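J.: This is the structure I want to talk about, given as structure tokens.
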Amino acid sequence: MVETLFEDIFRVEGLNPDGKKFEKVTRITAKSDQFDMLMVLDINSDIYPMHVGEKFMMVLASTLNLDGTPDSGYFNPGNRKSLADKFDYVMQGKLYRISEESSHKQVKADMYVSFGGLLMMLKGDPSIAARFELDQRLFILIRKV
């Protein structure tokens, strides 16, 4: 069984907070239910539109293989089942920055991932960031709930 690094239900709170920059990309801001995480994520809105108020499940995993074996880095189409089969929107990327900030006696960790130029920032509990490594390859998997 594949072990995911992070999963939670998020609610879209805003779209394009700094204005729309690209025709087919929407930057969403979302807040998670369980872990109180803040996420800013670029989505290809041409193929997966999202709207304020929608809820979606987001999973971060290091492999799509259901048996948990490391991913080869190549997409091999076929009849093999994968974690991606359970989701509507999947991207592969690389974690390029982890940082911590503190304010009012509260410490937050920021994680930044690039999915081929579509960016994600995930901010929240530092114990969650401890599960990740710099330059780690990740898959983000999303489905609306």
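J.: Output wanted: per-residue J couplings in Hz (rounded whole) for the stretch 81-95, from phi through Karplus 6.51 cos²θ - 1.76 cosθ + 1.60, θ = phi - 60°, x for Gly and Pro.
T.: Working through the residues one at a time gives 6, 8, 4, 5, 4, 8, 10, 9, 9, 9, 9, 10, x, 9, 6 Hz.
J.: How much accessible area per residue does the stretch 81-139 have, in Å², with a 1.4 Å probe?
T.: I get 58 Å² per residue for this part.
J.: Follow-up. Pairs to check: LYS31/LYS144; LYS55/LYS105; LYS108/LYS144; LYS55/LYS123; LYS21/LYS108. Give those whose C-alpha atoms are more than 20 Å from each other in this structure.
T.: The pairs that break the limit, which is 20 Å between Cα atoms, are LYS55/LYS105; LYS108/LYS144; LYS21/LYS108.
J.: Charges on Cβ only, +1 for Lys and Arg, -1 for Asp and Glu, centred on the Cα centroid of the chain; of VAL107, GLY124, LEU64, which one is farthest towards the dipole's positive end?
T.: Positive-end residue among those listed: LEU64.
J.: For THR4 and SER99 in the same chain, what is the full-extension length gain: residue separation times 0.36 nm, less their Cα-Cα distance, in nm?
T.: Full-extension gain reported as 32.1 nm.
J.: I would also like to ask the following. If I model a spin label as a point 7 Å beyond the Cα along the Cα-Cβ vector, how far apart are those points for ASP85 and LYS20 in nm?
T.: Rounded to a tenth, the inter-label distance reads 3.7 nm.
J.: Just in the stretch 72-135: which trypsin sites (Lys or Arg not before Pro) are loop by DSSP and have at most 14 other Cβ atoms within 10 Å?
T.: Passing sites in the stretch 72-135 are ARG80, LYS81, LYS105, ARG131.
J.: Is there a quick way to get the dipole size of the chain? I mean about its Cα centre, with the Cβ of Lys and Arg at +1 and of Asp and Glu at -1; what is the value in debye to the nearest 20?
T.: 240 debye
The values are calculated or read from the model by the stated rules, or taken from the named source; none is laboratory data. Everything quoted here is computed from the prediction, not taken from an experiment. Because the Cβ atoms are built from the backbone with ideal geometry, glycine has one as well, and the counts that use them run over all protein chains shown. Protein only, heavy atoms only, side chains kept; ligands, DNA and RNA dropped before computing areas. Shrake-Rupley method; radii C 1.70, N 1.55, O 1.52, S 1.80 Å.
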